[in-house]
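No value in this document is a laboratory result; all are computed from the given coordinates. Keep in mind it's a predicted model, so treat the numbers as computed, not measured. Here Cβ is always computed from backbone atoms with ideal geometry, including for glycine, and neighbour counts include all displayed protein chains.
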Amino acid sequence: MPPPADEVAARAAGELIDLVRALRNARAEAGLDPVAWLPVDAAIPDDLVATFEELRPALERLARARPLARGAAGASAGSIGVVAGRLEAA
């Protein structure tokens, strides 16, 4: 029997919050201004896309990431890459 829908939603939201936490920690470790808005690309698994889209405005505010876009998360020169469980962002 599959888990209840609220359990699935809570797990999905928790994974996204872990990504926000990883982004904030990476900013702090890099000595970046915690209130500056930075563009972030995040690799989001298909099963989290709906939750990501629903929570995107809140995730952007919490991570100070604008835009917070779905896409390839490969870190380029001068960017910071983070991994949080199944999620990656740069």
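All of 9, 84 fail the test of being out of contact with any Phe, Trp or Tyr (no Cβ under 7 Å at 6 or more places or on another chain), among the hydrophobic types (A, V, I, L, M, F, W, C) and free of Cβ contacts under 8 Å to residues at least 60 places away in the same chain, apart from 9.
Scanning the range 14-47 for residues that are in contact (Cβ under 8 Å) with a residue 60 or more places away in the chain and not hydrophobic (A, V, I, L, M, F, W, C) yields 15, 18, 21. Taking residue 60 as meeting all but one of (1) closer than 29 Å to residue 7 by Cα; (2) in contact (Cβ under 8 Å) with a residue 12 or more places away in the chain, write down the number of the exception. If we test residue 60 against (1) closer than 29 Å to residue 7 by Cα; (2) in contact (Cβ under 8 Å) with a residue 12 or more places away in the chain, just (2) comes out false.
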